[in-house]
């Protein structure tokens with residue numbers, strides 16, 4: 001092959017790689033938008049607050065590709081699970097209580113990023 005043809009083919013291969021990446025990005029965004037629309041439809045359709053919470057938590061789990069999501073209330077330095085969704089659970093509610101360190105609560109109140117790893121339950125926050 002001539003140098004010009006080699007250069008031309010190389011440029012075309014680079015452009016194809018860029019187009020493939022853009023296509024993957026657009027596909028991922030389209031899927032995310034579909035999942036968000038599904039979540040909003042569920043929110044608008046449910047009159048029962050418990051069903052609404054479970055459907056919303058399920059949508060969050062699907063959207064973020066996680067097996068468990070929950071809504072927790074902080075009461076006396078403990079997180080009490082108010083509603084939850086678990087991918088492989090037949091139970092409608094999960095009774096989960098987690099004690100947290102005082103420093104975590106201070107960070108949570110001041111809207112700082114926090115991380116909890118509870119080895120007993122296997123949960124990460």
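Put a dot 7 Å past the Cα of residue 51, heading toward its Cβ, do the same for residue 27, and the two dots end up 3.6 nm apart. What the Cβ-Cβ distance of residue 41 and residue 68 gives, at R0 = 22 Å and to the nearest 0.05, is a FRET efficiency of 0.45. The label-point distance for residue 9 and residue 82, in a model that sets each label 7 Å from Cα toward Cβ, rounds to 6.3 nm.
All of the numbers you see were taken from the coordinates with simple rules; none came from a lab. Being a predicted model, the structure only gives us computed values, none of them experimental. Please note: Cβ atoms are built from the backbone with ideal geometry, for glycine as well, and neighbour counts cover all protein chains shown.
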